[in-house]
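Note sheet for the following structure.
All of the numbers you see were taken from the coordinates with simple rules; none came from a lab. Bear in mind the structure is a predicted one, so any value in this text is a computation, not a measurement. We place every Cβ from the backbone using ideal geometry, glycine too, and count neighbours over all the protein chains shown.
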Amino acid sequence: MKYPVSRRTLIKSLSTLPLLALPGKKSSFSVVVPSGELPIRLSLNAYSFNRVLRDGDLSLVDLLDFTADHYIPALDLTAYYFSTYPEVPDDASLFAIKRMAHHRGLVFSGTGVRNNFTQPNKRKRADDVQLVRNWIDAAVKLGAPVVRIFAGPKAEEGVSEEETTQWMIESIQDCVDYGKEKGIIVALQNHNEFVKTAQQVHQIMNNIDSEWLGLMLDIGSYRTANPYAEIDETAQYAVNWQIKEHVYEEQQKQHTNIDQLLPIILKSGYRGYLPIETLGPGDPFQKVVAFLEEVRNSMDNLSESDLTRY
């Protein structure tokens, strides 16, 4: 299907949900999907264009144009594509890119940094906490509600996983506390490095009990026999996503079943942006367009019962 042909007319009640209702009273309001709309929206993860952005063959302005030209309403603008990274650009540069996005009808669904909270060197961990803090400040200026972070690589040789976990949790807590002050959600990505499993995600979320911490749910980084089960199990924490072309069943790459994934997302109650991300060899422009069409077709094929059930 060639966008922006109307996906279909949908004016259906999703569910009867309390909307600013008083305790103990049921609201009479219903959530209604406007014509042609779904309760979730797409975004584009800038990492899809990692090579051409780093080579200078694609500028951030070009990326904004591509996103707008393909009717994607949001962009996850990863911080390391700013030329000043790891330093934050000056305000004039941040505000300029924000203004250009606005003129193209775009918002930033998030941004993200490279950090390592599993390294034994306390000073380096503190430096990376400061890196996150700096980009939280930048996110405020860009209007991006979420900053994605990593836990870090696996525990170093000679260091226990328990001790490494404690370092990581303390560092994340510092970031979350600062994010709360600034009104920015910190999203930990399950990146198949130190954090590999749903069980680890539960452990971190239980140790840092804050509404300002969530999960950047990377569907391609669970490597168990049933990745969809782990996606389903941790979708409750999702504050942002990475919707990738492939999932892995016991390290075996399988094409993502978007028709299976979307109901999991809807069931979780998530109603934010869904950034798509393509990886690997090939023309990134062609890959993004093809995957975008696939995801949109699956969104089109959501049945009325799918939409009203969740």
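Simple spin-label model, 7 Å along Cα-to-Cβ: Ala92 to Tyr71 in nm?
3.8 nm
When ranked by the protection proxy of mean other Cβ atoms within 10 Å per residue, highest first, what sequence do the peptides 155-161, 136-142, 191-197 form?
136-142, 191-197, 155-161
With the Cα gyration tensor of the chain giving a ≥ b ≥ c as the square roots of its eigenvalues, does the rule (a/c under 1.5 for rounded; else a/b larger than b/c for prolate; else oblate) give rounded, prolate or oblate?
rounded
How do 289-299, 50-60, 227-237, 248-258 rank on mean C-beta neighbours within 10 Å, highest first?
Highest to lowest by the protection proxy: 227-237, 289-299, 50-60, 248-258.
Could you point to the residue in Val289, Leu58, His102 farthest towards the positive end of the chain's charge dipole, with +1 and -1 charges on the Cβ of Lys/Arg and Asp/Glu respectively?
Value: His102.
Take a quick pass over region 69-228 and tell me how many lysine pairs come in under 17 angstrom between Cα atoms, counting only ones 8 or more apart or on separate chains.
Value for region 69-228: 6.
Under the 0.36 nm per residue contour assumption, what length would be gained going from the current alpha-carbon distance of Lys141 and Gln199 to full extension?
17.4 nm
With +1 on the Cβ of every Lys and Arg and -1 on the Cβ of every Asp and Glu, and nothing else charged, how large is the dipole of region 164-227 about its Cα centre, in debye rounded to the nearest 20? Please list the in-between numbers first.
On the way: 4 positive and 8 negative charges, 53 e Å.
So the magnitude is around 260 debye.
Sort Thr111, Thr164 so the one with the fewest other Cβ atoms within 10 Å of its own Cβ comes first.
Thr164, Thr111
Under a point-charge model restricted to the Cβ atoms of Lys and Arg (+1) and Asp and Glu (-1), what is the dipole moment magnitude of the chain relative to its Cα centre, in debye to the nearest 20?
The calculated dipole for the chain is roughly 940 debye.
Sorted from fewest to most neighbouring beta carbons within 10 Å, what does the list Lys180, Lys244 look like?
Details: Lys180 16, Lys244 21.
Starting with the residue having the fewest Cβ neighbours, the order is Lys180, Lys244.
When DSSP assigns beta bridges and you keep just the ones with both residues in the chain, what percent turn out antiparallel, to the nearest 5?
Restricted to the chain, the bridges split so that about 20 percent are antiparallel.
Which aspartates and glutamates does Lys267 reach when only Cα atoms under 15 Å apart count, and residues fewer than 8 places away in its own chain are ignored?
Glu230, Asp232, Glu233, Asp259, Glu304, Asp306
Rank Thr111, Ser160, Ala126 by how far each Cα sits towards the positive end of the charge dipole of region 111-185 (+1 on Lys, Arg Cβ; -1 on Asp, Glu Cβ) and give me just the farthest.
Of Thr111, Ser160, Ala126, it is Thr111.
Taking amide H positions as placed 1.01 Å from N in the peptide plane, with prolines and chain starts having none, which residues 5 or more places from Leu44, or on another chain, fall under 5 Å of its amide H?
Under 5 Å from the amide H of Leu44 lie the amide H atoms of Ala74, Leu75, Asp76, Ile276, each far enough along the sequence or on another chain.
Can you compute the modelled spin-label distance between Glu211 and Asn121, with each label point 7 Å from Cα toward Cβ, in nm?
Output for this residue pair reads 3.9 nm.
For the chain, calculate the relative contact order in percent as a whole number, restricting contacts to Cα pairs under 8 Å that are 6 or more residues apart.
Across the chain, relative contact order equals 17 percent.
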